[in-house]
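The structure appears right after this line, and notes come after that.
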Amino acid sequence: MTTATPSTSQLLQQLTSGELAATSLVATCLDRIASEDERVGAFLHIDRDGAIEQAARIDERRRVGEELGPLAGIPVAVKDNICATGTKTTCASRMLENFVPPYDAHVIERLRAADAVLIGRTNLDEFAMGSSCENSAFQSTRNPWDLERTPGGSSGGSAAAVAAGMTPLSIGSDTGGSIRQPAAFCGVVGMKPTYGRVSRYGLVAFASSLDQIGPFANDVTGAAQLLEVLAGHDERDTTSINRPVPRYAESLEQPFEGLRIGIAKEHFVEGLDPEVEQAVHTAIDVYRSLGAEIKEVTLPHSEYCVAVYYIVAPSEASSNLARYDGVHYGFRAEKFDNMIDMYSATRGEGFGDEVKRRIMLGTYALSAGYYDAYYLKALKVRRLIRQDFDRAFEEVDVIASPVTPTPAFKIGELIDDPLAMYLNDIYTISANLAGTPGISLPCGFSSDGLPIGLQLQAAPFEEERLLRAARMYERETDWHTKQPDW
């Protein structure tokens, strides 16, 4: 492993001082992508000309003394399920292979206003359904730490791009762990904000009550800087919360006296890899040495999280993906006999196996005679899961746990075992069901040299507290400075 590339903060200082030009930084990232991405497969599309033009405009504006946005000149990669004007948004699916949105997602508007440079679109599991980035219709992404292993999913491309030093920042979406799990597998920082903190306008919907957009970075400060840009109220998203966005980056270094960390016994059970468990306990010991109070809490309904998630998420997916029928936009089958046959052929050819599996699960759970037994019951248990967290956060500031039960697994290892793949999200799903914020940060390596992540969760809209707690650990360790050898 090697020492990390400069952080976002360091790059911003160099850009502001004139030591570094945005065009030089962007060119370096583009060269890195050109030389390395053939092996990694993080990107589906690179906007080389557009990125260079954006950077040149920023350099000129800086030269003449114009006021610039907080990310001026910083390259940001975007998961390819977030709409941007004039750029294909494929969701890694044949269904949207040629779809070009006529509008920008809210977060794209925010990035443009912040003068970030949108450098390209990253790979994902089709329609964000998966935990390995193997379900893309176009390519598999590989983990920069071991090219035979998965980077995680569904935001595997965004995580791999940061881990490989191709871009300092990227954004992904998290429906059941799709930011935090790949962040852990790739040894970077990834954060899922509170549901409603970041607008979902322009995010292609998977499960509308669970989806949330969030940042990837190579350190906590970079994640805080990017979240500060992404967060905020948007009246076009009825679930967007109208409340002030704290200056996350400015408060990171404030002393955190009396930090109370909760440890749930339900997170340390059979199936957890011993090396992951040891790394997480060692990280908790770092907090203990800094004066944090470590308390046991209980989340008694945790055992139902996977079952609840795989009823709620597929049910919402079944509803959301009904719009892809070959009529208005997207893929349409070439051969069919009538309208019903067109629907069937279009969806049969346009969707991959995992998407079909989840649509069928959801359609069954919502069907007459089964709605009460499955979907309604799942919603009731989901409320109990949220109540577990509410009670726990009355006693502690954050809850610490593993992110994943194992380090990154090999490509192809679980692709034919959906249940084993689903269990990879066992520690992350709860934050989506409860709507709480969660962050993954590097806390060690396995004996095979694979990154291990520590997950911290906080009460709703306590991102500032969560980031400060994460930075408290990061200051005392150097795991986030490690990069794979190339």
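The values are calculated or read from the model by the stated rules, or taken from the named source; none is laboratory data. Worth saying up front: this structure is predicted, and the values here are computed from it rather than measured. All Cβ positions, even for glycine, are placed from backbone atoms using ideal geometry, and neighbour counts span all protein chains on display.
Could you check the range 365-417 and list, in sequence order, the residues that are among the aromatic types (Phe, Trp, Tyr), surrounded by 16 or more Cβ atoms within 10 Å (Cβ to Cβ) and farther than 30 Å from VAL188 by Cβ? Within the range 365-417, TYR374, TYR375 qualify. When you check ASP37 against the structure, is it over 24 Å from GLU19 (Cβ atoms) and either touching a Lys or Arg at 6+ places or on another chain (Cβ under 7 Å) or surrounded by fewer than 17 Cβ atoms within 10 Å (Cβ to Cβ) (or both), yes or no? For ASP37, the condition - over 24 Å from GLU19 (Cβ atoms) and either touching a Lys or Arg at 6+ places or on another chain (Cβ under 7 Å) or surrounded by fewer than 17 Cβ atoms within 10 Å (Cβ to Cβ) (or both) - is not met.
Counting only residues that are touching a Cys at 6+ places or on another chain (Cβ under 7 Å) and surrounded by fewer than 24 Cβ atoms within 10 Å (Cβ to Cβ), the range 122-152 holds 1 of them.
The set of residues in the range 58-109 that are closer than 16 Å to PHE127 by Cβ, more than 21 Å from the chain's Cα centre (by Cα) and charged (D, E, K, R) comprises ARG94, GLU97.
Among (1) in contact with a Lys or Arg (Cβ under 6 Å, 6 or more places away or on another chain); (2) surrounded by fewer than 17 Cβ atoms within 10 Å (Cβ to Cβ), which single condition is ILE340 missing? With respect to (1) in contact with a Lys or Arg (Cβ under 6 Å, 6 or more places away or on another chain); (2) surrounded by fewer than 17 Cβ atoms within 10 Å (Cβ to Cβ), ILE340 is out only on (1).
Rundown of residues vs (1) assigned to a loop (DSSP other than H, G, I, E, B); (2) among the charged types (D, E, K, R), yes/no style:
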site	(1), (2)
LEU20	yes, no
ARG32	no, yes
SER35	no, no
LEU44	no, no
ILE52	no, no
ARG57	no, yes
ARG61	no, yes
PRO101	yes, no
ILE108	no, no
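For the residues ASN123, ASN143, ASN135, the requirement of being in contact with a helix residue (DSSP H, G or I) (Cβ under 9 Å, 6 or more places away or on another chain) and either within 24 Å of GLU53 (Cα to Cα) or among the small types (Gly, Ala, Ser) (or both) singles out ASN123. Listed by position, the helices (runs of 4 or more DSSP H) enclosed by the range 215-321 that each have at least 2 residues that are buried (at least 16 other Cβ atoms within 10 Å of the Cβ) and without any contact (Cβ under 8 Å) to a residue 60 or more places away in the chain are 305-320.
In the range 446-465, of all residues being over 16 Å from ARG243 (Cβ atoms) and either of a type in the set (A, V, I, L, M) or without any contact (Cβ under 8 Å) to a residue 60 or more places away in the chain (or both), the one that is surrounded by the fewest Cβ atoms within 10 Å (Cβ to Cβ) corresponds to LEU450.
Residues are listed down the side, and each one gets a yes or a no for (1) more than 30 Å from THR346 (Cα to Cα); (2) modelled with pLDDT of 95 or more; (3) of a type outside the set (Gly, Ala, Ser); (4) surrounded by fewer than 19 Cβ atoms within 10 Å (Cβ to Cβ):
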{"site": "LEU15", "(1), (2), (3), (4)": "yes, yes, yes, no"}
{"site": "ALA22", "(1), (2), (3), (4)": "yes, yes, no, no"}
{"site": "ALA27", "(1), (2), (3), (4)": "yes, yes, no, yes"}
{"site": "PHE43", "(1), (2), (3), (4)": "no, yes, yes, no"}
{"site": "ARG62", "(1), (2), (3), (4)": "yes, yes, yes, no"}
{"site": "LEU71", "(1), (2), (3), (4)": "yes, yes, yes, no"}
{"site": "LYS79", "(1), (2), (3), (4)": "no, yes, yes, no"}
{"site": "ALA84", "(1), (2), (3), (4)": "no, yes, no, no"}
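Taking the conditions (1) in contact (Cβ under 8 Å) with a residue 60 or more places away in the chain; (2) touching a strand residue (DSSP E or B) at 6+ places or on another chain (Cβ under 9 Å); (3) among the hydroxyl-bearing types (Ser, Thr, Tyr) in turn, SER178 satisfies each one other than (1).
In the range 63-99, the residue that is nearest to ASN135 (Cα to Cα) out of those that are in contact (Cβ under 8 Å) with a residue 24 or more places away in the chain and assigned to a helix (DSSP H, G or I) is ARG94. Is it the case that the range 335-348 has a residue that's under 29 Å from GLY435 (Cβ atoms), among the acidic types (Asp, Glu) and either under 22 Å from the mean Cα position of the chain (by Cα) or assigned to a helix (DSSP H, G or I) (or both)? No, the range 335-348 has no match at all.
Criterion applied to SER173, SER155 was being over 20 Å from VAL117 (Cβ atoms), out of contact with any His (no Cβ under 6 Å at 6 or more places or on another chain) and surrounded by 24 or more Cβ atoms within 10 Å (Cβ to Cβ), and the one residue passing it is SER173.
For the range 161-187, the set of residues classified as within 24 Å of THR28 (Cα to Cα) and over 11 Å from the mean Cα position of the chain (by Cα) consists of ALA161, VAL162, ALA163, ALA164, GLY165, MET166, THR167, PRO168, LEU169, CYS186, GLY187, listed by residue number.
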